[in-house]
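Report on one structure; see the data block that follows.
The values are calculated or read from the model by the stated rules, or taken from the named source; none is laboratory data. What you are looking at is a predicted structure, and each value in this text was computed from that prediction instead of being measured. Using ideal geometry, Cβ is built from the backbone for each residue, glycine included, and neighbour counts are taken over all protein chains shown. Accessible surface areas use protein heavy atoms only, side chains included; no ligands, DNA or RNA. Shrake-Rupley method; radii C 1.70, N 1.55, O 1.52, S 1.80 Å.
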Amino acid sequence: MKAFEKHSMSNPRLPFLFGTEHLHPPRFRLWGGNRNWHENIEIVYVESGSGFVSIDDKPIPVSAGDIVPISSGRLHSMSVSDHEMIYCYLIVDRSFFLSNFFDSNRFLFEAPIVDGEIEEWIKEFKKYWYTDSDTVPMRVQYLRSLALRICLALCDRHAVYSKLPREDTHVLACIKKAIGTISAECERRITLDEIASSVGLSKYYFAREFRRITGFSFVAYLNGLRCEKASKLLLLGELSIGEICAACGFENSSYFTRKFKEYSGYTPKDYRKLK
């Protein structure tokens, strides 16, 4: 899992990514460790349930009907507490903004927002996205038109414009770099001292700011990523539990079992039975 996402739009006529996600609480309790950022604007629309969207160091409670536009370069994640949350996301390539003579990187969005007109456009976009072009010959044109309406309304009604692109604070840039390293190399032995030193911060200052921005201690975040990787390997069923323990960076099986149960609510053995 990479903390920085580079999007590949397969259809140049539709420079968008769209999908629907279901977040369930029993297995991954308030795990917001899958934090990432990207250059493109992401628009989240909560269809049902409730949860949190964390943007940089701010957890934002959301519920059905809320729209959360995520500005370029913002560190973000989704989590759910007691109930399932279903949301859809629309990621718009920056090139789409530039081709319409405005720059997505210059806007800092409010969050969350409630806007009935934008909500209807998102629902209509979803309908056309999953409609075959044989059924609607002008599908591409409808989708581009709806995306432009959504983006224009968000930028005009619910954003602050800056003549200069927003820059991260030094601390946030350091934490984002650290998250990238931890995410890419979580299976090896990583220490707090090493990561703090790699981003040029003192150990204690880094530990405090890391917890403030991510909501997790360094060790809890690292273990969460390892357990996330372990959960996928357990369901694949190709490796033994001992092999998965080693492959995910845990030094002994008892610690792995304890941390995995804290993370998922199941022992590795019981979790494997869920597949």
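To the nearest 10 degrees, how steep is helix 203-214 against the longest Cα principal axis of the chain, on a 0 to 90 scale?
In the chain, helix 203-214 runs at an angle near 50 degrees to the longest axis.
Angle, helix 253-264 long axis vs. longest principal axis of the chain, Cα atoms, 0 to 90°, nearest 10?
30
Determine the relative contact order of the stretch 157-275: mean sequence separation of Cα pairs under 8 Å and six or more apart, normalised by residue count, in whole percent.
21
Within the P(r) computed for the chain, what percentage of the Cα pairs occupies the region above 27 Å?
Roughly 46 percent, rounded to a whole number.
What is the spin-label model distance, in nm, from GLU124 to HIS22 if the labels are put 7 Å beyond Cα along the C-beta direction?
Output for this residue pair reads 2.9 nm.
Sort THR135, THR267 by accessible area with a 1.4 Å probe, largest first.
THR135, THR267
Starting from the alpha-carbon convex hull of the stretch 71-203, give the projected area averaged over all orientations, in nm².
For the stretch 71-203, averaging the hull's shadow over all directions gives 12.2 nm².
Return the carbon/sulfur percentage of the accessible area of the chain, one whole number, probe 1.4 Å, all protein chains in place.
Carbon and sulfur atoms account for 53 percent of the accessible area of the chain.
Evaluated at 25 °C with a viscosity of 0.890 mPa s, what Stokes-Einstein diffusion coefficient in µm²/s does the stretch 188-257 have when Rh comes from the Kirkwood expression over alpha-carbon pairs?
Result for D is 185 µm²/s.
Leaving out same-chain residues fewer than 8 places away, which lysines sit with a Cα under 26 Å from that of LYS273?
Straight-distance partners of LYS273: LYS229, LYS232, LYS259, LYS261.
If you stretched the chain out fully between GLU251 and SER95, how much longer would it get, using 0.36 nm times the residue separation minus the C-alpha to C-alpha distance?
51.6 nm
Order GLU251, GLU120, GLU47, most accessible first, counting only protein heavy atoms with a 1.4 angstrom probe.
GLU251, GLU120, GLU47
Going by accessible area, probe 1.4 Å, with all protein chains left in place, what is the ranking of MET138, MET85, MET78, largest first?
Sorted descending by solvent-accessible area, the residues read MET138, MET78, MET85.
If you fit an axis through the alpha-carbon atoms of helix 218-236 and take the longest principal axis of the Cα set of the chain, what angle between them do you get, 0 to 90°, nearest 10?
With both axes taken from Cα atoms, the answer is about 80 degrees.
Taking a probe of 1.4 Å, how large is the accessible area per residue of the chain, in Å²?
Solvent-accessible surface per residue comes out at 50 Å².
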